[in-house]
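**Student:** Sharing a structure with you now.
The values are calculated or read from the model by the stated rules, or taken from the named source; none is laboratory data. Remember, it's a predicted structure, so these values are computed and weren't measured experimentally. In this analysis, Cβ positions are derived from the backbone assuming ideal geometry, glycine residues included, and neighbour counts consider all displayed protein chains. Note: accessible area is taken over every heavy atom of the protein model, side chains too, but ligands, DNA and RNA are not part of it. Shrake-Rupley method; radii C 1.70, N 1.55, O 1.52, S 1.80 Å.
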Amino acid sequence: MVDGTHARAAEATRRQLLAAICGVGSGALAGCSTTLGTGPSPTFRVGTLRPPITLDPIDAKSIGSEQAIGRVFDGLYEYGEGTDIVPKLAAGEPRFGTGRRDVVVELGDGVQFQNGREVVADDVVYSFTAPLEEDAPTAWRVSPFDSVEAVDERTVRFTLAHPYPAVEHALTQPIVPRREREDDPAAFATDPIGAGPFEVASFSEEKKVTLRRWGDYWDEPMPAIERVTMAYVEFPMTQLTSLRTNRNDAIEPVSPTIVDHVAEVANASVKRNRGYTSFYFGFNLNEGPTTDPTVRRAISHCIDLEKAVSEFVAPMGQRQYGPLPPQVADEWNMPTEEWAALATEKNSERARRLFRDADETSGQLRILTSMDPKHKEFGEALAGGLREAGHGALVVSKPEATFLERYVSGSERDYSVFVGEISGTSDPDSHLYPTFHENMAGFTNGTFYREDAVMERLTSARETENRDRRRRLYAEAITRLLEDRVCLPICSFENSFAVDSGVRNFRVHPIAEVNPRLVSEDEVVTVGSKA
């Protein structure tokens, strides 16, 4: 639990900052919800802590990029209100052959890209084969397909070497135009052509993307919003200020620091959904001191994760003891109590002895984080514990694009420990394979763990549709990951937006990359007069 004095001090600090935003004394916060009216507007601005890095679906591996891409590109299928899929570019449901080894999908009538060219089967083939051919970070999504071929201009056949239980999730892969992307891949990454309801107006890497409604969008309903801007905001308090001053219509994610004060400061409300996102400490098992399991165990004794989650994340997430978010672990009946028993308590003296046993008592352990405030807080908490145990520590926080390159470098110069984030679906494969399988080392896996028994289980689990067998394989793999201290699971984190009162029909989807969803099957988001 959080120390009472610390909690009161943190609350006083938050109240002072909120008062500063409103320009009034802390006792007048209750009257700080009045905002300037903006009137009806066809624009929608989001202030986000997750900057877009690229707009190319083949190369994207961050939530910020995927959220922008999801407005520009459509897939054969998209997610409904939950994790079920519904046809988008496809004419109907996927047709599965015997044993679910073959999948046939037909394209719908009139589907086209934003340059007016019809979407054809060859574009679908390219979208599912390019990630593997280019060793892209999205390769894990399509690697189960043995072949993808165009039967004719409107029909695609997917062949699986083994049954793939998460095949429906894979079929949501965004469809890109082969010819246009191959003509100039670099230009495509900043000014792409998709088949979605919005086209790119402007893009500045790690800063902002502005999208405009595509007037000739082939599907219905048509978005009600004319322009969408997703702009990077570095600090939660700056996000809140942007809501207060009408700079933004929404902010995301909502920091625990401000969640209880959104209604006080801005004429807005918080929309939340549990989601499938989690944080973890990953160790560098490729180079340096953390290749030694004794060092990793010592580090695990240097932080009180219960306290850290209570201070930095609650009430927007909860402590978790494995790499699966709680709702996935619960739905799959995973042995979470067993995993909780493997977690270590903070014990500086124990850590000091283990460092000494490993002959690791000098130098600095580098802790790599992104600029996300929560990631930095966890990094600093671990660094403080390392210093208490007599070991040097240095937190290195980098902009998102640099972080995404360095945390998978495997270089001791870049990190011994990193603060990682997993954003998946309801299927355990999306959390485990890209994060820990050796095939993704250097792409989306920064641990470089190569235990054959674990790799075999992760592979076998995606090659059988027997749920009980999958559960057993995943449970065994996760238990070994935790025993070997490949990672220290930290917590889940909800998908959340603080949304101005003038925004209507806005709902938060459990899959992070689907947000902000501005058009769905039966309704559209609108921005009008404030309540």
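**Student:** What residue among Pro177, Trp140, Val167 has its Cα farthest toward the positive end of the dipole of segment 66-186, where the charges are +1 on Lys, Arg and -1 on Asp, Glu, each on the Cβ?
**Tutor:** The Cα lying farthest towards the positive end belongs to Val167.
**Student:** Per residue of the chain, what 222 nm ellipticity follows from adding -39500 (n - 2.57) for every DSSP H run with n ≥ 4, rounded to the nearest 500?
**Tutor:** It comes out at -9000 deg cm²/dmol, rounded to the nearest 500.
**Student:** For the chain, what does the accessible surface come to per residue with a 1.4 Å probe? Please give it in Å².
**Tutor:** 39 Å²
**Student:** Which aspartates and glutamates have a Cα less than 12 Å from the Cα of Lys346, not counting those fewer than 8 places away in the same chain?
**Tutor:** Leaving aside aspartates and glutamates fewer than 8 places away in the same chain, those within reach of Lys346 are Asp304, Glu306, Glu388.
**Student:** What part of the accessible area of segment 397-531, given as a whole %, is carbon or sulfur when the probe is 1.4 angstrom?
**Tutor:** 39 percent
**Student:** Hey, can you grab everything whose amide H is under 5 Å from the amide H of Thr464? Only 5+ residues off in sequence or another chain; H modelled, so Pro and N-termini drop out.
**Tutor:** none
**Student:** A further question on this structure: For segment 49-134, calculate the relative contact order in percent as a whole number, restricting contacts to Cα pairs under 8 Å that are 6 or more residues apart.
**Tutor:** 17 percent
**Student:** In percent, how large is the relative contact order of the chain, given Cα pairs closer than 8 Å and 6 or more residues apart?
**Tutor:** Reported relative contact order: 21 percent.
**Student:** Hey, can you grab everything whose amide H is under 5 Å from the amide H of Gln112? Only 5+ residues off in sequence or another chain; H modelled, so Pro and N-termini drop out.
**Tutor:** Here the answer is Val119, Trp218, since their amide H atoms fall under 5 Å of that of Gln112.
**Student:** Per-residue HN-Hα couplings for segment 278-289, Karplus 6.51 cos²θ - 1.76 cosθ + 1.60 at θ = phi - 60°, whole Hz, x for Gly and Pro?
**Tutor:** Whole-Hz 3J(HN,Hα) from phi for segment 278-289: 8, 10, 7, 8, x, 9, 7, 9, 9, 8, x, x.
**Student:** Normalised by the residues of segment 398-501, what does the relative contact order come to in percent, with Cα pairs under 8 Å and at least six apart?
**Tutor:** Result for segment 398-501 is 18 percent.
**Student:** Let me ask you something else. Which number comes out as Rg/Rh for the chain once both Rg and the Kirkwood Rh are worked out on C-alpha atoms?
**Tutor:** 0.97
**Student:** Loop by DSSP (not H, G, I, E, B), at most 14 other beta-carbon atoms within 10 Å: where is the longest site-free stretch of the chain for trypsin sites (Lys or Arg not before Pro)?
**Tutor:** 208-412
**Student:** Out of the GluC sites (Glu not before Pro) in segment 369-462, which ones are loop residues according to DSSP with at most 16 other C-beta atoms within 10 Å?
**Tutor:** Sites meeting the loop and neighbour criteria: Glu412, Glu451.
**Student:** Please list, by residue number, every one of the GluC sites (Glu not before Pro) in segment 202-243 that is coil in DSSP and has at most 11 other beta-carbon atoms within 10 Å.
**Tutor:** For GluC sites (Glu not before Pro) across segment 202-243 that sit outside H, G, I, E and B with at most 11 neighbouring Cβ atoms in 10 Å, the list is empty.
**Student:** Return the subset of Lys307/Lys376; Lys271/Lys374; Lys307/Lys398; Lys271/Lys307; Lys376/Lys398; Lys207/Lys307 for which the Cα-Cα distance in this structure is over 21 Å, preserving the input order.
**Tutor:** Beyond 21 Å: Lys307/Lys398; Lys271/Lys307; Lys207/Lys307.
**Student:** Something else about it: With the Cα gyration tensor of segment 191-267 in hand, give its eigenvalues times 5 under a square root as the equivalent ellipsoid semi-axes, listed largest first in whole angstrom.
**Tutor:** 29, 15, 10
**Student:** For Ser269, what accessible surface area do you get with a 1.4 Å probe? Give it in Å², rounded to 10.
**Tutor:** Estimated to the nearest 10 Å², Ser269 gives 50 Å².
**Student:** Based on the alpha-carbon gyration tensor of segment 406-461, what equivalent-ellipsoid semi-axes (square roots of 5 times the eigenvalues) come out, in whole Å, largest first?
**Tutor:** Ellipsoid half-lengths, sorted descending, are 21, 14, 7 Å.
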